[in-house]
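Note sheet for the following structure.
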Amino acid sequence: MENLKILILKIDKIIISQIDEIEYDLGEPDCKLTNPCQLFVSDNGEWDMKIWPKFTDQREIMIHSDSILTIVNPKEDHIKFYLELTK
């Protein structure tokens, strides 16, 4: 998946999602996250992934790009887990 990325948000959340930049009006959200999931990492380095946000069934979420601290490519095991979780 070309546009599957890990986003580290400024609010201390790690999200894996398909991400697309969209045209926007000034002040409007400019990133569309499709099937976002949150990555959790324990103190011993074990990780888990859950659908995010938990309080909605909406699978396309709009956010402002300035909410994102950085974007990185996911590891292969994260991609496999994500695809299984979101199918």
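The numbers here are math on the coordinates, done by the rules we state, and not lab data. A quick note: this is a predicted structure, and the numbers were derived from the prediction, not measured. Using ideal geometry, Cβ is built from the backbone for each residue, glycine included, and neighbour counts are taken over all protein chains shown.
Using a 10 angstrom cutoff on alpha carbons, build the Gaussian network for the chain and name the most mobile of Asn44, Asn73, Asn35.
Result: Asn44 has the largest fluctuation of those listed.
Per residue of the chain, what 222 nm ellipticity follows from adding -39500 (n - 2.57) for every DSSP H run with n ≥ 4, rounded to the nearest 500? Before the final figure, lay out each step's value.
Details: 1 runs with 11 residues, N = 87.
Calculated mean residue ellipticity at 222 nm is -4000 deg cm²/dmol.
Can you tell me the dipole magnitude for region 1-51 around its Cα centre, using point charges on the Cβ only (Lys, Arg +1; Asp, Glu -1), in Debye to the nearest 20?
Values: 5 positive and 11 negative charges, 42 e Å.
It works out to roughly 200 debye.
Name the most mobile residue of Ser67, Ser42, Ser17, meaning the one with the largest mean-square fluctuation, in a Gaussian network model of the chain with Cα contacts below 10 Å.
Of Ser67, Ser42, Ser17, the most mobile in the Gaussian network model is Ser42.
Only Lys, Arg, Asp and Glu count, each charged at its Cβ (+1, +1, -1, -1), so figure out the dipole size of the chain about its Cα centre, rounded to 20 debye.
Details: 10 positive and 17 negative charges, 63 e Å.
The calculation lands at about 300 debye.
Run through region 19-75 and list the chymotrypsin sites (Phe, Trp or Tyr not before Pro) located in a DSSP loop whose Cβ has at most 14 other Cβ atoms within 10 Å.
On the way: sites: Tyr24, Phe40, Trp47, Phe55; in loops: Tyr24, Phe55.
Hits after loop and neighbour filter: Tyr24, Phe55.
What is the local net charge at Thr70, summed over the other residues whose Cβ is closer than 11 Å to its Cβ (Lys, Arg +1; Asp, Glu -1)? Kindly include the intermediate steps, with their values, before the conclusion.
Values: positive: Lys5, Lys10; negative: none.
Result for the neighbourhood of Thr70: +2.
Sequence gap of 8 or more, or different chains, plus Cα separation below 22 Å: how many lysine pairs satisfy both in the chain?
So the count works out to 27.
When you take every Cα atom in the chain, what is the radius of gyration, and what is Dmax, the widest Cα pair distance, in Å?
12.9, 43
GNM, the chain, Cα, under 10 Å: largest mean-square fluctuation among Glu76, Glu21, Glu46?
Glu46
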